[in-house]
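Peer 1: The structure follows.
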Amino acid sequence: MTVFTILTLHVSPDRRDDLVRYYKSARVLELSGAESSQLCLKSNDVGTVIAVATWPDASAYEAWQNAPLRAEFAQGILEAAGGSVTATSEVFQVAIDTRGPCS
């Protein structure tokens, strides 16, 4: 079954652009293995950034969780955030997808 994830990052507002630049230069989203992903900025909270991703199934997401590259990216995110970042992650199973059938 398709999995949808939300990673919420809270950083100092003055470090948000550094974080976005890191995601872009390191190609974090492109190299994650997700089917699709976006980095989003919260309109009314400059210090909140979310990364959303769609994975073909739970095992694909689990593989990303255990990938050595993910640990490297986590360190880069921490550095881009100036050493202070709070992160929470949520995982959802997709029940309905307008792009096509869910497995």
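The values are calculated or read from the model by the stated rules, or taken from the named source; none is laboratory data. Model, not experiment: these values are computed from the prediction. Don't worry about glycine lacking a Cβ; one is built from the backbone with ideal geometry, like all the others, and counts go over all protein chains shown. For accessibility, only protein heavy atoms count, side chains too; no ligands or nucleic acids. Shrake-Rupley method; radii C 1.70, N 1.55, O 1.52, S 1.80 Å.
Peer 1: Out of the residues in segment 44-103 meeting the condition of being hydroxyl-bearing (S, T, Y) and either more than 28 Å from P13 (Cβ to Cβ) or touching a helix residue (DSSP H, G or I) at 6+ places or on another chain (Cβ under 6 Å) (or both), tell me which one is modelled with the lowest pLDDT.
Peer 2: First, the residues of segment 44-103 that are hydroxyl-bearing (S, T, Y): 48, 54, 59, 61, 84, 86, 88-89, 98, 103.
Imposing the further condition that a residue be either more than 28 Å from P13 (Cβ to Cβ) or touching a helix residue (DSSP H, G or I) at 6+ places or on another chain (Cβ under 6 Å) (or both) reduces the set to 54, 59, 61, 98, 103.
Working: T54: 97, S59: 96, Y61: 97, T98: 84, S103: 57.
Among those that are hydroxyl-bearing (S, T, Y) and either more than 28 Å from P13 (Cβ to Cβ) or touching a helix residue (DSSP H, G or I) at 6+ places or on another chain (Cβ under 6 Å) (or both), it is S103.
Peer 1: Of the numbered conditions (1) open to solvent by less than 90 Å² (accessible area, probe 1.4 Å); (2) without any contact (Cβ under 8 Å) to a residue 12 or more places away in the chain; (3) part of a loop (DSSP other than H, G, I, E, B); (4) not hydroxyl-bearing (S, T, Y), G82 satisfies every one except a single condition; which is it?
Peer 2: Just one mismatch for G82, condition (2).
Peer 1: It is to be established whether one or more residues within segment 21-33 are open to solvent by 70 Å² or more (accessible area, probe 1.4 Å) and either part of a strand (DSSP E or B) or hydrophobic (A, V, I, L, M, F, W, C) (or both). Give the steps one after another, and end with the answer.
Peer 2: Residues of segment 21-33 open to solvent by 70 Å² or more (accessible area, probe 1.4 Å): 21, 24-25, 27, 30-31.
From what's left, either part of a strand (DSSP E or B) or hydrophobic (A, V, I, L, M, F, W, C) (or both): 31.
Checked segment 21-33: at least one residue is open to solvent by 70 Å² or more (accessible area, probe 1.4 Å) and either part of a strand (DSSP E or B) or hydrophobic (A, V, I, L, M, F, W, C) (or both).
Peer 1: From the set of residues in segment 37-59 that are more than 14 Å from the chain's Cα centre (by Cα) and not charged (D, E, K, R), which is least open to solvent (accessible area, probe 1.4 Å)?
Peer 2: Checked segment 37-59; the qualifying residue least open to solvent (accessible area, probe 1.4 Å) is G47.
Peer 1: Only residues in segment 4-20 that are part of a helix (DSSP H, G or I) count as the first member; pair them with residues that are open to solvent by 50 Å² or more (accessible area, probe 1.4 Å) and β-branched (V, I, T), Cβ under 6 angstrom, at least 6 apart or cross-chain, and list the lot.
Peer 2: Every condition considered, the pairs that remain are P13/V46; R16/V46.
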